[in-house]
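The values are calculated or read from the model by the stated rules, or taken from the named source; none is laboratory data. On a predicted model such as this, the values are computed, not experimentally measured, just so you know. Cβ coordinates were reconstructed from backbone atoms using ideal geometry, including for glycine residues, and neighbour counts include every protein chain displayed.
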Amino acid sequence: MRKNYDLLLKFINNNQAMYGLIILVIIILLAILGPMFSPYSYSRQALDLQGILPCRKFWFGTDLLGRDLFIRVVYGARISLAVGFVAAFINLTIGVLYGGIAGLVGGKLDALMMRIVDIFYSIPLVLYVILLIVLFEPGLTSIFIALGLVYWMDMARVVRAEIMKLKEQDFILAARALGVSPSRILLHHLLPNCAGPIIVTATLSIPQAIFTEAFLSFIGLGVSAPAASWGMLTADAISCIWSYPHILFFPSLAITLTILAFNLIGDGLRDIFDPFSPKVKQRIFKI
Amino acid sequence: MFNYFFKRLCSSLLTLFIIITVTFLLMHAVPGGPFTREKNIPEIIQTNIENHYHLNDPLGKQYVNYLLHLVQGDLGPSYRYHGVSVNEIIGENFSVSAQLGFIAALIMLVLGITAGTLSALYYNRWPDHLLGLLSTLGLAIPNFVISILLIYFLGVKLNWLPTSRWISWQSTIMPALALAAYGSAYITRLTRSSMLEILSKDYIRTCKAYGLTTYSVIYKHALKNALIPVVTCLGPMLAGLLTGSFVIENIFAVPGLGQAFVLSISNRDYPVIMGITIFYATLLIFLNFLIDIIYGMLDPRIRMMK
Amino acid sequence: MNKKIKVLLLIIIITFTFLTGCNTNDQSLHTQNILRYNHGEAPNTLDPSLSLTVGSGTIILANYEGLTKFDENNTPVAGVAEKWDISPDKTKYTFHLREDAKWSDGKPVTAQDFYYSWKRALDPATNAEFSYLLYSIKNAEKYNINQAQDFPFEKVGITVLDNHTLEVELESPIPYFLQLTALPTFVPLRADLIAKYGDKWALSPESYIGNGPFKMTEWKKKDMLKLVPNEYYYNKDQVKLAGLEITFIPEESTMFAAFKAEELDVIDSVPLEEVAGLKKESSEFKVFPMIGTYYYSFNVQKPPFNNIKVRKAFNLAINRTDLVTKVRKTGIPASAFVSPGVSDAEPASDFREIGGSFLPTEAQPEKAKELLAEAGFPEGKDFPPVTLIYSAKNEHKMLAEAVLEMLKEHLGISNITLANQEGKVFMQNKLTGNFQISLSMWITDVIDPITFLEIYTTNNGNNDTQWSNGEYDQLIKKARFSSQEQERYNLLHQAEKILLDDAPIMPLFHFTENCMIKPYVKNLYKSPLGYTYFDKVNLTTTN
């Protein structure tokens, strides 16, 4: 309990993590509550009100079918954040368990499992993501599946490395000697002790997922219209740079801010979990 | 030593074999074939063409056939580009992508390491904050937005650089910048944090106490150690740069391997898909091996021979 | 340390000053009388027998010339054939080739070159996908689909009478045969070069020898193609350009940027977002009519579109004028299937004008709702879920979104889903009838109403709607074998009426091609079939 409280205190005192968190909370709140502030629907068109610049009526202006861009960005947030969080969830389940089991069991199984991860590291993942999405037909579900199948290896490696370090320590040896089951050792003793790297890796996997979704939208494999993710809104708007730059600007800004927020949080968390970080500040070599 | 290389080679070949098999199966599972067209052509002609390329053979037979050609170094003909072999496609496109990737890697390393070191040296002062902001932007803006912004400002508004294509050294700058943006930002941050850690170590303080100049402390002692994490992440990153990015090659009309790869998927040009996948995997395996060796040279404590 | 930063800043400033004014990306080429035209994605092949797209056709027709060629009014005129005789029953053509027609290496063009080319295209071993274009020639189809290869080519209606005379016998008296001979598939080819270079003959300038106004001098595979005038072309005085550079920039926004930065003289695809502004302000923006229709197909085998009333209600619920003016910004609202620009029996008459219009350009919501109610879905109630498929492209998506809104607003149907499908998956689903409503586009190979209408005959490979109507089939068949022009067109008008009355399709608009052309480019001809011709182009900056 005491330890958790310390961590929380550290988090609050860590400026960049706090900034990141504040930005993220605002974005999430907008994604959830945004539609309440706006009288428009994300699909309702007004063909005579095309490409209007931001004004009091349309905060972010309108797109080329006369739809309110603010509400589209808000709904886009739901999709993009969903993609990000699902990716993080997959990392936290598949990645953590995979790495955990490999690290704990060790021996031949570990070698085999890591061999598989190595194979994944040697393939052009773009290919597999595209093929999987084409196979399952473009849409949010297939994006989840494709991301889930290919983006868990980083986490697996991190967790395995941590477990290897921890498992020879006294408290684990003691637990073993007491006859605690391996699954209980993994879930109750090992994983909580490598929570730091796990949380950091999971946080940093979210931007990666959002970018991958944006890339898929760029090559025309995004979610189905009229819904649109941020990636889709941005990718469709790159030709708008000449005459309607606001249609490109706002979704890009949303992506940038979100990824910025996740990076700040991730870095902040890393500083907090890294026991060396306070010393860094005191003993820094000055020029 | 020999043992180590041999083991490594065997496991690489096994990896390649698995990748080939999975890619082959997945590729054939995807709907639509290389000769599915928008306008329907008479069925008999279509079958005729498919027979010509043995596409109607049982999948197992096609697979064995492919492997037999592969061991002879023949990646087959492209189904889309008539009279062009996959070897030629990879040759032509990779040379472009490799040039682009090389320039981008150079930009990435020079920019990233310089900015990261400066950031660490000016820890918590304005250069650190400014570089921090820039590197965050580099990490957070999608590459197609960076590309179109470069084209818009440098290419059209200021007219400093050609907007697109791969014709002169000037035309390499914008795609290389766009390609290097993410990597430079990443390396900046990595260098900064590992540099900070190193700079707080006792031996650096000792060096300083001995009266060594700032320059020699940084370049002779700190940087070499601070670069170890950079080197580790370099393998997959370099492979990505060298084989190109579809988005950037497509936007800047650079005839590289990334573009060829995505096009081959949408054309269901099976031999090209397989060829580029194998090429890419081989490159990755090789680069990872190389990185392991460099790693060992940078840090003698890490033994590569187990 | 401040000194170091200053040095760094200096380096940055110097680099950028150096870059300034360094943009020498051939911005002055047009003053050397060289035209820079962007073609889009690089062609898959330039082999005339194997080429698939209209785009590569443009390049082929710059290098080659067939028996006939299209003039500015899109009528076929003399090309390599100086004149021709047509038999009274219109099934036998005798072409007299000009004596001065030469290949770009100086050798004369002979009737044997055409014979060889057509034989090659029809040979099953060549695997030419567009070989069906030659099926109007007698027995050509039989030869082409004969896999055993025991059907003698001598039976096909192509005969070389002498070096400069070619006789062609047709299956039926089709009136557009002289248009066909102007297409890329019908150009002559050099047997000696193809034998010598094999598969690779169409890849390099040494072996890619044509008989057209230009010849290839360099081909950087996915970057660009350089052409210069062919000094042996019989009409070389007409060719004004000193050279032609065809680039392969695939992204629309990039080619637009390249055009703005003076790196290109002509682009023939403009970002949709720009069209409205350009139409008002730019003299460089040009719209060319095309012969083709953009429409949605209903799968008439699948509910709810097995009900004709639903199909008709959908057709009446669309505001086609809005689609054209407010969404796509260019195009002609469709009032039927055959697009304008196709001539009728009388000279200078238009099939569309005579046929009249079958569809309203504005929506008729009352009538549409009435029909829908009669079909059992008053105010769209209980309407089953429907999926509209289209292939991944921004333009298709925007149009589909707009159509979706119109259906929602005018019919009260809200459970239509849009499904964006990857290119080949989309094609596969269409060919196998695996859809409810789908995007369709039809751009014809030649200008004749039958090329639109025959796709909806039963068992036609392109009839994705699964619609079948015996009377319609009969009318088309009769028209195909009619040698009497007036009668033929009457039959086709009747057929079109049946098609639209039964409404297996929902025509939306007819295509136009949006181009940006620099003001100094004169006499560039864009054909409504999609080809671009450069032989008469004149760049006025040189004068």
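Before moving on, here are some points about what is shown:
- Residue A:82 vs. criteria surrounded by fewer than 23 Cβ atoms within 10 Å (Cβ to Cβ), at pLDDT 85 or above and either over 23 Å from the mean Cα position of the chain (by Cα) or not in a helix (DSSP H, G or I) (or both): no
- Residue within the stretch A:115-124 that is without any contact (Cβ under 8 Å) to a residue 12 or more places away in the chain, out of contact with any helix residue (DSSP H, G or I) (no Cβ under 6 Å at 6 or more places or on another chain), part of a helix (DSSP H, G or I) and farther than 22 Å from residue B:279 by Cα present: no
- Filter pass, residue C:222 being surrounded by 16 or more Cβ atoms within 10 Å (Cβ to Cβ), more than 24 Å from residue B:42 (Cα to Cα), within 14 Å of chain B (Cβ to nearest Cβ) and among the charged types (D, E, K, R): yes
- Summed over the stretch C:99-112, residues that are crowded, with 23+ Cβ neighbours inside 10 Å and closer than 10 Å to residue C:190 by Cα total 1.
- Residue match in the stretch A:260-269 (condition: out of contact with any Pro (no Cβ under 6 Å at 6 or more places or on another chain) and free of Cβ contacts under 8 Å to residues at least 60 places away in the same chain): no
- Among the residues of the stretch B:187-207, not a single one is touching a residue at least 60 places away in the same chain (Cβ under 8 Å), assigned by TED's automatic domain parsing to the domain that holds residue B:112, not charged (D, E, K, R) and not in a helix (DSSP H, G or I).
- Exactly one residue out of C:240, C:215, C:221 is of a type in the set (Lys, Arg) and more than 25 Å from the chain's Cα centre (by Cα), and it is C:240.
- From the list B:209, B:226, the one residue that fits, being more than 9 Å from chain A (Cβ to nearest Cβ) and surrounded by fewer than 22 Cβ atoms within 10 Å (Cβ to Cβ), is B:209.
- Criterion violated by residue B:166 - all others in (1) at the interface with another protein chain (Cβ under 10 Å from one of its Cβ atoms); (2) assigned to a helix (DSSP H, G or I) satisfied: (2)
- Whenever a residue of the stretch C:178-190 is within 14 Å of residue C:108 (Cα to Cα), its partners that are in a loop (DSSP other than H, G, I, E, B), lying with C-beta atoms within less than 6 angstrom and at least six residues away or across chains, give the pairs C:188/C:109; C:190/C:209.
- Any chance residue B:65 is over 17 Å from residue B:273 (Cα atoms) and polar (S, T, N, Q): no
- Close contacts from the stretch C:68-95, counting a first residue that is among the β-branched types (Val, Ile, Thr) and a second that is exposed (fewer than 14 other Cβ atoms within 10 Å of the Cβ), with Cβ to Cβ under 6 Å and a gap of 6+ residues or different chains, come to C:94/C:85.
- All positions within the stretch A:8-31 that are surrounded by 15 or more Cβ atoms within 10 Å (Cβ to Cβ) and at pLDDT below 75: A:10, A:11, A:14
- Counted as qualifying within the stretch C:440-543 are the helices (runs of 4 or more DSSP H) with 2 or more residues that are among the polar types (S, T, N, Q), namely C:485-502.
- Failed item in (1) farther than 20 Å from residue A:267 by Cα; (2) crowded, with 17+ Cβ neighbours inside 10 Å, with residue A:200 passing the rest: (1)
- Among residues of the stretch B:229-246, those that are in contact with a Ser or Thr (Cβ under 7 Å, 6 or more places away or on another chain) and either modelled with pLDDT of 75 or more or within 14 Å of chain C (Cβ to nearest Cβ) (or both), counted: 4
- Residue selected from the stretch A:90-134 under the condition in contact with a Pro (Cβ under 8 Å, 6 or more places away or on another chain) and surrounded by 17 or more Cβ atoms within 10 Å (Cβ to Cβ), by the criterion nearest to the other protein chains (Cβ to nearest Cβ): A:134
- Residue B:75 being surrounded by 17 or more Cβ atoms within 10 Å (Cβ to Cβ), more than 8 Å from chain C (Cβ to nearest Cβ) and of a type in the set (A, V, I, L, M, F, W, C): yes
To keep it simple, each residue is scored yes or no on (1) in contact (Cβ under 8 Å) with a residue 60 or more places away in the chain; (2) outside any helix (DSSP H, G or I); (3) within 13 Å of chain C (Cβ to nearest Cβ).
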| residue | (1), (2), (3) |
| --- | --- |
| B:98 | yes, no, no |
| B:104 | yes, no, no |
| B:129 | no, no, no |
| B:144 | yes, no, yes |
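- Filter result for the condition that a residue is hydroxyl-bearing (Ser, Thr, Tyr) and either on the phi > 0 side of the Ramachandran plot or in the same structural domain as residue B:222 (by TED's automatic domain parsing) (or both), over B:78, B:97: B:97
- Residue match in the stretch C:412-429 (condition: in contact with a Lys or Arg (Cβ under 7 Å, 6 or more places away or on another chain), assigned to a helix (DSSP H, G or I), away from chain B (no Cβ under 14 Å) and not small (Gly, Ala, Ser)): no
- All of (1) farther than 14 Å from residue B:117 by Cβ; (2) more than 14 Å from chain C (Cβ to nearest Cβ); (3) buried (at least 18 other Cβ atoms within 10 Å of the Cβ) hold for residue B:191 with one exception: (1).
- Unique residue being out of contact with any strand residue (DSSP E or B) (no Cβ under 8 Å at 6 or more places or on another chain) and within 14 Å of chain B (Cβ to nearest Cβ) when the list is C:376, C:433, C:356: C:433
- If you filter the stretch B:109-127 down to residues that are surrounded by fewer than 19 Cβ atoms within 10 Å (Cβ to Cβ) and away from chain A (no Cβ under 13 Å), you find that the one that is nearest to residue B:267 (Cα to Cα) is B:110.
- Matching option when the condition is at pLDDT below 90 and surrounded by fewer than 22 Cβ atoms within 10 Å (Cβ to Cβ), among B:133, B:106, B:154: B:133
- Between B:279, B:286, the distinction of being within 21 Å of residue B:106 (Cβ to Cβ), away from chain C (no Cβ under 14 Å) and of a type in the set (Phe, Trp, Tyr) belongs to B:286 only.
- Residues satisfying the stated conditions in the stretch C:317-340, i.e. surrounded by 22 or more Cβ atoms within 10 Å (Cβ to Cβ) and over 24 Å from the mean Cα position of the chain (by Cα): C:317, C:318, C:319
- A single entry from C:393, C:381, C:408 fulfils the requirement of being modelled with pLDDT under 90, surrounded by fewer than 20 Cβ atoms within 10 Å (Cβ to Cβ) and facing another protein chain (nearest Cβ under 9 Å): C:393.
- Considering only residues in the stretch B:32-49 that are in contact (Cβ under 8 Å) with a residue 60 or more places away in the chain and within 7 Å of another protein chain (Cβ to nearest Cβ), the one that is surrounded by the fewest Cβ atoms within 10 Å (Cβ to Cβ) turns out to be B:36.
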